[in-house]
Amino acid sequence: MRYLYFLCLAALPFSLFSQQSDTTDIHHEFSGRVTVTHNGISIIPSFSLDAPALIVNLKVGGDRFSFEPDLRMSLDGKPWSMLFWARYRALRHERVSLRLGIHPALNFRTITVDDGHSQRDLLESRRYVATEVVPGYRVNDRLSVGMYYLLGHGFDAGLRRSHFVQLNAAVTGIRLPDEFLLDLFPQAYYLRTDALDGTYLAGGWRLSRAGLSFALSGLVNRSLRTEIAPERKWIWNVALEWSFGGEYELVRPSI
């Protein structure tokens, strides 16, 4: 049944998107963000690369459906993870929103193997699939609250099932001198991986300036109670972001 659920969720955006056959002007977006950081941190903040990383997030799609690759690698060129998100915005009201998503993913790690004569390092990939449910509520122009739920399934040796439940908030557009803007992203979450679990607090921030495509950002993660390795109290990073992109329009005959 779980594979049928994944299949239905993946097919939903395509079926709804295909119903727009009578639309002549179809607005799409192509955008992205490139991030360089001294410590790559995963979508789940308790996991990190513990090394400098390059993260490339891309987005292409329309108002409802989008394809959003998430590519992560160390600065020495070794891949870390590749996620290929298909996302559907089921609700887009003024205050209430709901996003659904699914992705296949590859996670990479370096392992040492012994062939009987010598030891050598190999890059091993592990396959995953995950779904997300993201409800949100906008309190006002600067404050929004929400929840993020991620269900992951692994197909190879290692982690087989994970549940990530996060309560979050976003305080955006805090005005600072010289046209600088500060965004804050507090969160609390519960993580379960197979038979182990933990609870955590985290906080992100972004400092930007009007008219600039570059921004500084960072994240701090604090474990409250955890059985999941690595059992570190603190994980943090600081990053430089470059954002780009815009909208384009496709025109086709009405049917």
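The values are calculated or read from the model by the stated rules, or taken from the named source; none is laboratory data. Remember, predicted model here, so these are calculated numbers, not experimental data. Please note: Cβ atoms are built from the backbone with ideal geometry, for glycine as well, and neighbour counts cover all protein chains shown.
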> What number goes with the only condition from (1) over 14 Å from T131 (Cα atoms); (2) surrounded by 17 or more Cβ atoms within 10 Å (Cβ to Cβ); (3) out of contact with any Lys or Arg (no Cβ under 8 Å at 6 or more places or on another chain) that W85 does not pass?
Replying inline: (1)
> Which members of the range 35-74 meet the condition of being of a type in the set (A, V, I, L, M), crowded, with 17+ Cβ neighbours inside 10 Å and more than 25 Å from P230 (Cβ to Cβ)?
Replying inline: L58
> If N39 passes every condition in (1) at pLDDT below 95; (2) not in a strand (DSSP E or B) but one, which one does it miss?
Replying inline: (1)
> Within the range 150-175, which residues are touching an Asp or Glu at 6+ places or on another chain (Cβ under 8 Å), surrounded by fewer than 14 Cβ atoms within 10 Å (Cβ to Cβ) and either under 15 Å from G101 (Cα atoms) or not β-branched (V, I, T) (or both)?
Replying inline: R160, R161, G173
>> Among the numbered criteria (1) in contact (Cβ under 8 Å) with a residue 60 or more places away in the chain; (2) more than 25 Å from P186 (Cα to Cα), which one does L100 miss?
In response: (2)
>> Quick check on the range 99-108. Is at least one of its residues surrounded by 11 or more Cβ atoms within 10 Å (Cβ to Cβ), of a type in the set (D, E, K, R) and modelled with pLDDT of 95 or more?
In response: yes
